[in-house]
Each structure stands twice: as C-alpha cells, then as structure tokens.
Amino acid sequence: MKNEYLKTSILMVLAGILIFCQLQALDGRTREGAGRTKSGYGGTGKILVPHRSWPCGMAEGIPVPERGVPVFEANMKLDQVYEVGRTPYGQRTISVIQGGAVSGEKITGSVMPGGLDFQLSFSNGGMEIEEILVLRTSDGKYIYLRIPGTAAEQSDVRMVPDFEAPNASSYSWLHSGKYAGRRVLDLAARTVRLSVYDVSGVEINANAANSVQVGKPADVQDQPWDYRKATAEEKRGEQLISENVTLGPSQTVGATKKGNRNIIPITGGTLSGKIAGKVLPGGADYQNLASPATIDARYLWQTSDGEVIIVRNGGSFGLLAPAFEVRIDSQYAWLNKGSYLSSNPGPGSGGVGLTFYDSTR
C-alpha cells in the first residue's frame, strides 16, 4: 500500500512539472514578439501574394522570410516622420532615416543618413511599402537598395530587397540569390529594423490553402513603380515653381548589374513661385550614368503652411518629368493631376537650380 502511494505521489509531481514547463514555454512564445506566433508573424505562416499592381519582384508570392538563410540585419534610427495624410494612393507616412548599423556574417557596415521609408496604409488593413537605402560597408563600398514591401495585415510586413553592389567588389554575390526581408517599424521608439534572408531554397507554390492575398480598396489608385516618361512631343507651358536644392557629397557605387550608379544626397533647399517653402533634408538623386544617363530624384517639399509634398523627378536630360504626391484635400491637390516638365539641373546656391512647368502637347 505504501509503495502504491509513493508511486502515485511521484506521478503527480512529474505531471505538475510537465504542466509548469508547458506553461513557461507558452508564456515564452507570447513574449517572443508583438504579432509573432509559432507559425510566423501576424498569426500566419502562409505565403503572402502581393497585389497585382505592387508585385514586389515576387508576384508568385513572398515566403515567410525567416525560413531562409540570414544575410544581415540593419538597425536604423529615424530622423523625421511625416504624416502626409490621404493621397490618391492611400494613407501616406514617410520616415527619413537618420542612420544605422548593418551586421551579418558576410557584410557589416552602416546605413547612410537620408534614406526614405514610404508607407501606404489601406482601410482594409493592407499596406504597401518602399524603402530606398544606401549602405556603406566596413571596407568603404557603397551599396544601393530599393526595397518594395507589402502586408495583408500590419503585423506581417514582408520586403523584397534588390541590391546594386559594385560589380568589381566582394559584394557582387548580392546580385544573385533571392531575398526576402522583415521590416519592423517602431514609431514610438523612432526605430526601424530590416532583417534580410536568402530564400532561394524556400519553395513557393502558392494556392488557396497555403497563401494570403494582399487586397486593395477600390477607392485608391495604384501607385507607380517607375518615374513618368516624358515624350519628345511635350512642350513647356506655364512656369510653376523654381527650386534651389542643396546637395551632399556623392556616394559612388560604380558599375552594377543595372548600370553605373551614382547617388547625390539632398540636404535642403528653397521653393518659390506657385508654391513657397523649402526642400526637406532626405532622399537623393539616384543617378544611372549608363548611356543615356538618367536621374531619379526622390525627395520631399514642405510648403510655407506646413504641407508635405512627395517629389519624384526622373528621366534623361532634356526629358525630365516631375511627378508629385500630396494630400487630396489640401490646397495643393492640383499637383496630383496633370503632367509636368522640368528643366535640367543648373547652377544654384550651394547646389543646383531647377524650374518646373506645366506640360502641353
């Protein structure tokens, strides 16, 4: 009888220990990270299929990044955050990167100041993101990244980095492989973390059971990936705005898989004409010096009454076509419509001067 009682007591103690361990493990998973579960992020470990208009370079679907092989992590601080408001493309927020650190087995270095994080949020919980970053490796090489991303819910943001590294460098391996990343933006702490993985070995075979489709409300327009292409038939009409843009030292990447990349940071400037205000620090002219040379300037204006306007001026010299994005209920909403032309960059005070015109045909 005593032996049976002893056995029962031992079994009860072991059962108690097992339950305690299970509860601890569950609590550990709960604390693991906001939105993360044992199956992935945001309650889903499924393939994320982007909206057709923002395919992110993986129209077939973006796998859970963490199922790949770690490449590097970039931990960045935010300089400024601008809530632009509702634009034709959705609810727009822009973060300007102050700088950061890059760590990985094959790449270490820093994130250069002035990078841009463009975020669109939709009423259905979906998101579209674009980051433009420049890395400086520990041995002094520059690497250009343009990174589209998307989400069906805000706790599961996936990015698809595209690298332009110097061809004649030890980082040209970034031109091969297939990459997916995790972006975690913390506006309260003013930080953003980008974790990048090589998902070349991860199977992507999306179907109704294993995937989630990113949806977009019908009342928002599709945002463009490329700058507007002006035609030779377009002529300069009414002069609208003059700007003087101040610039930082060039960040020369050199010959890459997409041409000869040179980046000139934008550090500020002034506006006059139909709009008065200033050029905000952040962004750059992301030049491709292949023949014919093209510019792709991405930056921000702030009007004298505080409105933030997104500017993109791109094309070859003689055919520069600026496009704008601004809050739809602002007095500057006319910039969202119509077509515009730009002069070539000319001498300015501490940088370059440009003039913008209405386009006529």
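Every number here is computed from the coordinates shown, using simple stated rules; none is lab data. As the structure is a computational prediction, the values presented were derived from the model and not from experiment. Note that each Cβ is placed from the backbone with ideal geometry, even for glycine, and that neighbours are counted across all protein chains shown.
Per-structure values
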{"read-out": "Simple spin-label estimate for GLU60 and GLN331 in nanometres, 7 Å along Cα-Cβ", "value": "5.3"}
{"read-out": "In degrees, nearest ten, helix 2-31 long axis to first principal axis of the chain (Cα)", "value": "0"}
{"read-out": "Compactness of region 195-260 as Cα Rg over 2.2 N^0.38 Å, two decimals", "value": "1.99"}
{"read-out": "Order of HIS175, HIS51 - criterion: other Cβ atoms within 10 Å of each residue's Cβ, fewest first", "value": "HIS175, HIS51"}
{"read-out": "Region 291-307 versus region 166-187: alpha-carbon centroid distance in Å", "value": "25"}
{"read-out": "Table column - 3J(HN,Hα) (Hz), region 100-107, Karplus curve with 6.51, -1.76, 1.60, x for Gly and Pro", "value": "x, 10, 10, 9, x, 5, 10, 8"}
{"read-out": "Surface/4 estimate of mean projected area, convex hull on alpha-carbon atoms of the chain, nm²", "value": "23.6"}
{"read-out": "Residue of ASP222, ASP162, ASP198 that the Gaussian network model of the chain assigns the largest fluctuation, springs spanning Cα pairs under 10 Å", "value": "ASP222"}
{"read-out": "Sorted by Cβ neighbour density within 10 Å, fewest at the top, the residues ASP186, ASP285", "value": "ASP186, ASP285"}
{"read-out": "Proximal charge balance of GLY314 [Cβ under 15 Å; K/R count +1, D/E count -1]", "value": "+1"}
{"read-out": "Region 235-360 - convex hull of alpha carbons, volume per residue in Å³", "value": "104"}
{"read-out": "Ellipticity estimate at 222 nm from DSSP helix runs (n ≥ 4, -39,500 (n - 2.57)) divided over the chain, nearest 500", "value": "-3000 deg cm²/dmol"}
{"read-out": "3J(HN,Hα) from dihedral phi, region 117-128, Karplus parametrisation 6.51/-1.76/1.60, rounded to Hz, x for glycine, proline", "value": "10, 9, 10, 10, 10, 10, 5, 8, x, x, 8, 10"}
{"read-out": "For region 228-241, 3J(HN,Hα) per residue [Karplus equation, 6.51 cos²θ - 1.76 cosθ + 1.60, θ = phi - 60°, Hz, x = Gly/Pro]", "value": "5, 9, 6, 10, 5, 6, 6, 10, 6, x, 4, 6, 10, 9"}
{"read-out": "Extended-chain gain in nm, criterion 0.36 nm per residue less alpha-carbon gap, LYS178 and VAL81", "value": "31.9 nm"}
{"read-out": "DSSP-assigned coil residues among GluC sites (Glu not before Pro) in region 200-289, each with at most 14 further Cβ atoms within 10 Å", "value": "GLU203, GLU233"}
{"read-out": "Antiparallel DSSP beta bridges within region 41-213, as percent of all bridges there, nearest 5", "value": "95"}
